[in-house]
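Following: one structure in structure tokens, then a few remarks.
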Amino acid sequence: MTLPVAPHAPRPALLALDEALSRLLALAVPLADTESVCTFEADGRVLAQDLISALQVPPQDNSSMDGYAVRCLDVAQALQANGAAAGTLPVSQRIAAGSTGEALTLKSVARIFTGAPIPLGADAVVMQEDCVPVTTAGAGDGHAVRIKTMPTPGQWIRRAGEDVRQGAVVLSKGERLTPAALGLAASIGLNVLQVTRRPRVALFSTGDELVMPGDVPPEQMKPGAIYNSNRFFLRALLLRLGCEVSDLGIVPDRLEATVAALQSAAQSHDLILSSGGVSVGEEDHIKPAVQALGALDLWQIAIKPGKPFAHGRVNDAHFIGLPGNPVSSFVTFLLLVRPFLLRLQGVPLVIPVSIALKAHFTGARADKRREFLRVRRNAAGGLDLFGNQSSGVLTSAVWGDGLVDNPPGKTIAFGDEVRFIPFSELLG
Ligand code: AMP
Ligand code: MG
């Protein structure tokens with residue numbers, strides 16, 4: 001006698017990545033809370049205010065060379081003199097960075113150093129390599145100088161305000177701070193910046209097969225057991241995106257355990273992020289657990305690697321479920337979770353920029369789904385393909401320095417132009 005069995009659920013329709021991303025971003029309401037952080041500590045944070053300069057940078061015209069500040073007319077006249085004295089002018093003052101000189105006396109030059117303010121009356125700097133110090137009778141070395149070439153007005157002068165004008169918005173609300181941006185903020189005198197608070201993210205992995213490295217040595221791993229790798233890169237990615245991470249470890253493949261983990265995480269986090277168990281197999285408990293506590297949209301996204309992806313809510317917290325396969329987990333994080341977390345912090349533009357490059361490979365066969373291939377730039381300016389594009393082969397993500405965004409149905413031939421997204425666009 002055969003017992004009746006419940007039929008397998010039909011496959012849900014695949015959702016296009018752009019559609020999934022726009023749905024996800026529509027749900028990512030930016031966090032309202034801000035905090036003050038020391039400029040030193042603000043790398044990677046998102047500005048919650050425009051930064052407006054109260055001064056001009058540089059504050060005064062200053063020299064970009066070690067040399068002599070001159071009045072071009074005086075030099076032109078000195079160069080007309082005959083013989084060895086041609087181009088010679090007395091040095092009337094010395095101006096180092098950090099000091100201010102006096103107005104330049106007529107028919108003289110000022111010794112000047114990089115960063116020092118240009119004295120009133122001077123209209124060019126002659127670099128010291130184009131000058132010869134002259135010994136004048138009774139006065140000694142360096143009291144006069146012979147200028148060998150005619151300067152052009154304005155040469156080697158950095159103009160006041162050429163970097164920042166007074167009143168200019170140097171960085172805008174919603175911009176993510178980079179090391180250079182921290183320097184720019186400091187250059188207008190800001191030692192404290194107002195930024196969006198860090199998103200609080202609870203992270204857990206599901207899977208009874210998972211073992212933490214360090215808990216069991218490789219030679220004692222039971223058959224079927226694997227080390228938990230997702231936990232390591234997901235935590236690192238979250239930290240790079242400015243999140244505060246609560247690592248909840250491994251949740252066993254049981255409904256009650258999954259419900260309990262979600263329930264406690266929902267209390268104090270903006271996002272609960274899980275990996276694995278997000279399909280519709282009997283050992284996949286994410287879907288019923290989130291549904292028991294809140295609401296869930298399970299999306300089968302038409303990308304490779306990737307596919308299963310879930311978004312839902314548990315109380316006030318967002319829930320995102322990533323696939324368990326390491327490369328799928330990695331890629332879906334970069335393409336979906338990263339923009340979500342940036343938008344949560346108030347960044348308006350969160351879509352990575354891709355560039356056109358030539359494929360220096362064959363063998364990427366067309367797929368029905370949009371595919372993100374792990375590739376690496378080569379010295380010839382083209383792209384090499386990692387040989388094994390399986391969603392379990394994490395080596396591909398380490399070897400690669402970016403992804404080719406290949407449209408559905410396209411077989412790539414050697415020399416084809418493809419869209420390349422460097423990891424530098426995705427990992428910061
Ligand atoms: P799942 O999505 O739970 O069906 O898992 C899909 C595949 O990914 C299985 O082969 C799992 O063993 C593997 N996997 C799931 N979670 C992890 C993890 N945290 N680290 C490494 N592999 C994982
Ligand atoms: Mg699993």
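The values are calculated or read from the model by the stated rules, or taken from the named source; none is laboratory data. Everything numeric here is computed off the predicted structure, so don't read it as measured data. When we count neighbours, we look across all protein chains shown, and the Cβ atoms used for this are built from the backbone with ideal geometry, even at glycine. Heavy atoms of the whole protein, side chains included, go into the accessibility calculation; ligands, DNA and RNA do not. Shrake-Rupley method; radii C 1.70, N 1.55, O 1.52, S 1.80 Å.
For every other residue with a beta carbon closer than 12 angstrom to the beta carbon of Arg419, add +1 if it is Lys or Arg and -1 if Asp or Glu, then tell me the sum.
Numbers: positive: Lys358, Arg370, Lys410; negative: Glu371, Asp405, Asp416, Glu417, Glu425.
Summing Lys/Arg as +1 and Asp/Glu as -1 gives -2.
Which of Ser274, Ser92, Ser354 ends up with the largest GNM mean-square fluctuation for the chain, with Cα atoms connected below 10 Å? In the Gaussian network model the winner is Ser92.
Sparsely packed loop sites in the stretch 98-168 (the GluC sites (Glu not before Pro) outside DSSP H, G, I, E and B with at most 16 other Cβ atoms within 10 Å) comprise Glu102, Glu162. Given their separation in residues at 0.36 nm each and the Cα-Cα distance between them, Ala97 and Met212 gain 35.7 nm when the chain is fully extended. For the stretch 355-425, the gyration tensor built on C-alpha atoms gives a rounded shape. Its axis ratio a/c (a ≥ b ≥ c) stays under 1.5.
Would you mind telling me the antiparallel percentage of the DSSP bridges in the stretch 199-314, rounded to 5? Walk me through the numbers on the way to the answer.
Numbers: 6 of 20 bridges.
Counting only bridges with both partners in the stretch 199-314, antiparallel ones make up about 30 percent.
Ligands, DNA and RNA left out, the accessible area of the stretch 65-106 computed with a 1.4 Å probe is 56% carbon and sulfur.
Given the C-alpha centroids of the stretch 170-243 and the stretch 254-291, what is the distance between them in whole angstrom? If we compute the Cα centre of each part, the gap is 21 Å. Computed in the context of the full set of protein chains, the accessible area of the stretch 276-344 at 1.4 Å probe radius has 43% of its extent on carbon or sulfur.
Antiparallel versus total DSSP beta bridges in the chain: what percent is that, nearest 5? Of the beta bridges lying entirely in the chain, close to 65 percent run antiparallel. Computed with a 1.4 Å probe over protein heavy atoms only, the accessible surface of the chain comes to 49 Å² per residue.
Between Thr39, Thr152, Thr178, the Gaussian network model of the chain with springs among Cα atoms under 10 angstrom shows the greatest mean-square fluctuation at Thr152. DSSP beta bridges confined to the stretch 62-158 are antiparallel in about 80 percent of cases. Counting only residues at least eight positions apart within a chain, or on another chain, the aspartates and glutamates with an alpha carbon under 18 Å from that of Lys148 are Asp66, Asp74, Asp123, Glu129, Asp130. Across the stretch 278-295, computed HN-Hα scalar couplings (Karplus, 6.51 cos²θ - 1.76 cosθ + 1.60, θ = phi - 60°) run 9, 7, 10, x, 5, 8, 9, 9, 4, 4, x, 5, 5, 5, 5, 9, x, 10 Hz from first to last residue, x flagging Gly and Pro.
Excluding same-chain neighbours fewer than eight residues apart, the lysines reachable from Lys410 by a Cα-Cα span under 19 Å are Lys304, Lys307, Lys358, Lys368. Rounded to whole numbers, the Karplus 3J(HN,Hα) couplings from phi for the stretch 111-125 are 5, 9, 10, 3, x, 7, x, 6, x, 4, x, 7, 10, 6, 10 Hz, using 6.51 cos²θ - 1.76 cosθ + 1.60 with θ = phi - 60°, and x at Gly and Pro. Subtract the Cα-Cα distance of Phe423 and Lys368 from 0.36 nm times their separation in residues, and report this length gain in nm to one decimal. Extra length available between Phe423 and Lys368 comes to 17.4 nm. Gyration tensor analysis over the Cα atoms of the stretch 144-281 returns equivalent ellipsoid semi-axes of 55, 21, 11 Å (largest first, whole Å). Rounded to the nearest whole angstrom, the semi-axes of the ellipsoid equivalent to the stretch 62-158, taken from the Cα gyration tensor as √(5λ), stand at 20, 15, 11, largest first.
Only the Cβ atoms of Lys and Arg (+1) and of Asp and Glu (-1) were treated as charged; on that basis the dipole of the stretch 62-158 about its Cα centre amounts to roughly 80 debye. Note down the Stokes-Einstein diffusion coefficient of the chain in µm²/s, whole number, using a Kirkwood radius over alpha carbon pairs, 4 °C, and 1.567 mPa s. Approximately 49 µm²/s, per Stokes-Einstein. Full extension of the chain between Ala292 and Ala13 gives 98.1 nm of extra length, using 0.36 nm per residue less the Cα-Cα distance. When the Gaussian network model of the chain links Cα atoms closer than 10 Å, the mean-square fluctuations of Leu89, Leu27, Leu237 top out at Leu89.
Over the stretch 355-425, with every protein chain in place, what whole percent of the accessible area is carbon and sulfur at 1.4 Å, could you tell me? Here it works out to 52 percent.
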